[in-house]
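**Q** Handing you a structure now.
The values are calculated or read from the model by the stated rules, or taken from the named source; none is laboratory data. Remember, predicted model here, so these are calculated numbers, not experimental data. All Cβ positions, even for glycine, are placed from backbone atoms using ideal geometry, and neighbour counts span all protein chains on display.
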Amino acid sequence: MNRSMRTYTHPCGTTVELVLGDITTEEVDAIVNAANSGLQHGGGVAGAIVRKGGRIIQEESNRLAPVAAGRAVITTGGNLPATHVIHTVGPRWGEGDEDNKLASAVRSALAVADEHGLRSISLPAISTGIFGFPLERAVRVILGAIRSFLDDAPGTRQQAVRLCLFDEHTLHAFEEGWGELTG
């Protein structure tokens, strides 16, 4: 069972929450998949999403690929509790312009949710796994991108933005960087 660990309400009314748990069990309108540009969901979070959500997610993804770093697309949630999966492509560490690409990936995921009238979304720590983005740096970029999206979109439909983090180490890093969002 996922546990809420910290909550902040942005002046626009959107609640941002740190959650410890499994993103595939999140009961939100959309979960975010930290995808590769080919939208091939074999391992990590992407693999878990397809295993739990079903092949329909991969089949829809195949029709949408390729997706550039910093961009996002949406598919059904299949058998997941979430009705949609937003696939956003974060940067691989070392490819160049990583901070901007990661911020764009976060903002793109939030914008796609808004475009589809979704009110709740759950994101993982994009690019910090096999893509090698240093965690503490990614925390600053991800939280800053959420804040800038909410600052710039006072009419957002987002009522809840959840950061669903799989382990205590990642959760602690987000707790340490929480001021990027609330400051």
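**Q** Quick check: anything in the range 119-132 over 26 Å from Gly44 (Cα atoms) and either small (Gly, Ala, Ser) or at pLDDT below 95 (or both)?
**A** Within the range 119-132, not a single residue is over 26 Å from Gly44 (Cα atoms) and either small (Gly, Ala, Ser) or at pLDDT below 95 (or both).
**Q** Follow-up question, since we're still on this one. What do you reckon, is Val139 part of a helix (DSSP H, G or I), in contact (Cβ under 8 Å) with a residue 12 or more places away in the chain and over 11 Å from the mean Cα position of the chain (by Cα)? Write out each step before concluding.
**A** On the way: part of a helix (DSSP H, G or I): yes; in contact (Cβ under 8 Å) with a residue 12 or more places away in the chain: yes; over 11 Å from the mean Cα position of the chain (by Cα): yes.
So Val139 passes the test.
**Q** Just one of (1) assigned to a helix (DSSP H, G or I); (2) more than 21 Å from Gly129 (Cβ to Cβ) trips up Pro11, so point out which.
**A** (1)
**Q** While we're here: What number of residues within the range 35-68 satisfy the criterion of being modelled with pLDDT of 95 or more and in contact with a Gly (Cβ under 7 Å, 6 or more places away or on another chain)?
**A** Of the residues in that region, 6 qualify.
**Q** Just need a number here: residues in the range 127-149 that are small (Gly, Ala, Ser), surrounded by fewer than 18 Cβ atoms within 10 Å (Cβ to Cβ) and within 15 Å of Ala34 (Cα to Cα).
**A** 1
**Q** Sticking with this one: Only residues that are of a type in the set (Ser, Thr, Tyr) and more than 15 Å from Leu143 (Cβ to Cβ): list them for the range 156-171, please. I'd like the intermediate steps shown before the answer.
**A** So in the range 156-171, the residues of a type in the set (Ser, Thr, Tyr) come out as 156, 170.
Once the filter is applied, which keeps residues that are of a type in the set (Ser, Thr, Tyr) and more than 15 Å from Leu143 (Cβ to Cβ), the range 156-171 yields only Thr156.
**Q** Could you say which residue among Arg157, Arg147, Arg107 is in a helix (DSSP H, G or I), over 11 Å from the mean Cα position of the chain (by Cα) and of a type in the set (D, E, K, R)?
**A** Values: Arg157 fails: in a helix (DSSP H, G or I); Arg107 fails: over 11 Å from the mean Cα position of the chain (by Cα).
The conditions single out Arg147.
**Q** Any idea which residue in the range 15-74 is nearest to Met5 (Cα to Cα), counting only those that are part of a helix (DSSP H, G or I) and among the charged types (D, E, K, R)?
**A** First, pick out the residues of the range 15-74 that are part of a helix (DSSP H, G or I): 23-25, 44-53, 55-64.
Filter again for among the charged types (D, E, K, R), leaving 51-52, 55, 59-60, 63.
Values: Arg51: 27, Lys52: 25, Arg55: 32, Glu59: 35, Glu60: 33, Arg63: 37 Å.
Filtering first and then ranking leaves Lys52.
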